[in-house]
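Participant: One structure, pasted below without further comment.
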Amino acid sequence: MKDYSPRSDLLADRVVLVTGASAGLGRTASLAFARHGATVALLARDEAKLEAVYDEIVAAGGPEPAMFPFDLAVADDRGLETLAGAIGHHLKRLDGLLHSAHLFHSLTPLALQTLDQWQALMRVNLIAPFALTRACLPLLRQAVDASVVFTGETHGHQPRAFWGGYAVAKSGLETLTRIWADELGADSTVRINTLIPGQVATTLRARTHPGLSPDTLLRPDDLMPWYLYLMGKDSLSVQGQTLECQP
Ligand SMILES: NC(=O)c1ccc[n+]([C@@H]2O[C@H](COP(=O)([O-])OP(=O)(O)OC[C@H]3O[C@@H](n4cnc5c(N)ncnc54)[C@H](OP(=O)(O)O)[C@@H]3O)[C@@H](O)[C@H]2O)c1
């Protein structure tokens, strides 16, 4: 996939919603989608950081993005439906949805993880991606073709000690992907997949592996061929799959 070379207008005239757009992979993906023609709806909590991404896209000559400061930890169905309604109202369409926002506490034995921590982990990493997708589905169905990408995690795929509720929530995304693809059926214009980035130099990796030099890791930009492939028409036949950027 590192050799995948998307056309410069791959996402022209498309609207893509990105959660976690203020930092890390979500930020880099927002910039990459805009460079390839997409109008990006930027979602995260920190308005100042969203504004910085907004400015970067505009300065690079990309289509003017939209900002949606929003907290996925406290969202309910009504709030998510209002959000989807605002996207439809302001941007008129939705062709893609990348779920990159996440909550991570620390690597800890299960015996020390609390119910409150698990509830927050499930809420941001599994329930919000499900409920936001559900709220956006009517808009996504109106597109000629639409792509939903959940961001998985290696330890959700191959569980290891200490990854606890974070990995359990991430593994749920893979199950959700398969159930949803099955329900949508072979003729669906909406495709749903999970992408597992593997080790990437972001703040998450600095927290989980503080001893690892970022110079030994791929950078978010290195993974963009995967993100662009899944968001654009070249992946029309990919449905219900979990793909690993670094198997
Ligand atoms: N980095 C890696 O090595 C790696 C490996 C495997 C998988 N992943 C996955 O890739 C994705 C991105 O990871 P990353 O390392 O790039 O993340 P990151 O740099 O920590 O950024 C996380 C993003 O999520 C947003 N966010 C957090 N809580 C939120 C909430 N309650 N509501 C709305 N937005 C919220 C943050 O913005 P605000 O603070 O502004 O809200 C930020 O934009 C995650 O799903 C992660 O599991 C990463």
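The values are calculated or read from the model by the stated rules, or taken from the named source; none is laboratory data. Quantities reported herein were computed from a predicted structural model and do not represent experimental measurements. Cβ: placed from backbone, ideal geometry, glycine included. Neighbour counts: every protein chain shown. Side chains are part of the model used for accessible areas, which takes the heavy atoms of the whole protein and leaves out ligands, DNA and RNA. Shrake-Rupley method; radii C 1.70, N 1.55, O 1.52, S 1.80 Å.
Participant: Could we say that residue 159 is within 8 Å of the ligand (Cβ to nearest atom) and at pLDDT 95 or above here? Before the answer, list the steps.
Facilitator: On the way: within 8 Å of the ligand (Cβ to nearest atom): no; at pLDDT 95 or above: yes.
The answer is no for residue 159.
Participant: I'm told residue 218 meets every condition in (1) more than 22 Å from residue 163 (Cβ to Cβ); (2) at pLDDT 85 or above except one. Can you identify the failing condition by its number?
Facilitator: Condition not satisfied by residue 218: (1).
Participant: Could you check the stretch 11-62 and list, in sequence order, the residues that are surrounded by fewer than 17 Cβ atoms within 10 Å (Cβ to Cβ), within 16 Å of the ligand (Cβ to nearest atom) and part of a loop (DSSP other than H, G, I, E, B)?
Facilitator: 45, 46
Participant: If you take the residues in the stretch 68-90 that are open to solvent by less than 60 Å² (accessible area, probe 1.4 Å) and closer than 24 Å to residue 9 by Cα, which one is farthest from the ligand (Cβ to nearest atom)?
Facilitator: In this case the residue turns out to be 88.
Participant: I'd like the full set of residues that are surrounded by 15 or more Cβ atoms within 10 Å (Cβ to Cβ), in a loop (DSSP other than H, G, I, E, B) and within 15 Å of the ligand (Cβ to nearest atom), limited to the stretch 99-137.
Facilitator: Listed by number, the residues that qualify are 100, 101, 102, 103, 104, 105, 107.
Participant: Tell me which residues, restricted to the stretch 83-114, are under 23 Å from residue 147 (Cα atoms) and either modelled with pLDDT under 95 or small (Gly, Ala, Ser) (or both).
Facilitator: Answer for the stretch 83-114, where residues must be under 23 Å from residue 147 (Cα atoms) and either modelled with pLDDT under 95 or small (Gly, Ala, Ser) (or both): 84, 85, 86, 88, 96, 100, 101.
Participant: Which of the numbered conditions does residue 149 fail, given that it passes all the others? Conditions: (1) more than 11 Å from the ligand (Cβ to nearest atom); (2) closer than 20 Å to residue 240 by Cβ.
Facilitator: Among (1) more than 11 Å from the ligand (Cβ to nearest atom); (2) closer than 20 Å to residue 240 by Cβ, the lone unmet condition for residue 149 is (1).
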